[in-house]
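The values are calculated or read from the model by the stated rules, or taken from the named source; none is laboratory data. The structure displayed is predicted, hence computed values, not measured ones. In this analysis, Cβ positions are derived from the backbone assuming ideal geometry, glycine residues included, and neighbour counts consider all displayed protein chains.
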């Protein structure tokens, strides 16, 4: 499947780029490289996609040369996420909602795992471009939907 075939809102992983060195260089400068996850913002006129929180517009000709695969989604505890992995918060234990709402952590928010401290220490996540430290016990009670 190629990027030009996707609908608005679909998340994909870039598998391959079929094109010459010039095309690869242009896409590299925009952050569109193999292995990256992209989300289609608009499929009308030039393709508009989001990669690493950057919105990029590319022509249909370029989009036809980018091979992609749909991302499968799985649910994990926040404490089990991998480094640099992104996801959307799906569930929060009801006893925690008030405690962490002030940190900007709410259901439906995008979240990114930055680091995990050793010896059962806290995890550091990014929510709304702000880094927040959360204890491991709290992170165990937050469920996140991530791309596989």
- Is there a residue in the range 124-144 that is at pLDDT below 90, loosely packed, with under 14 Cβ neighbours inside 10 Å and in contact with a helix residue (DSSP H, G or I) (Cβ under 7 Å, 6 or more places away or on another chain)? no
- Message: For the range 97-123, give me the residue count where each residue is buried (at least 16 other Cβ atoms within 10 Å of the Cβ) and more than 22 Å from residue 12 (Cα to Cα).
- Response: 5
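Yes/no matrix, rows are residues, columns are (1) in contact with a strand residue (DSSP E or B) (Cβ under 8 Å, 6 or more places away or on another chain); (2) exposed (fewer than 14 other Cβ atoms within 10 Å of the Cβ); (3) assigned by TED's automatic domain parsing to the domain that holds residue 140:
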{"residue": "17", "(1), (2), (3)": "yes, no, no"}
{"residue": "21", "(1), (2), (3)": "no, yes, no"}
{"residue": "28", "(1), (2), (3)": "no, yes, no"}
{"residue": "52", "(1), (2), (3)": "no, yes, no"}
{"residue": "57", "(1), (2), (3)": "yes, yes, no"}
{"residue": "61", "(1), (2), (3)": "no, yes, no"}
{"residue": "78", "(1), (2), (3)": "yes, no, yes"}
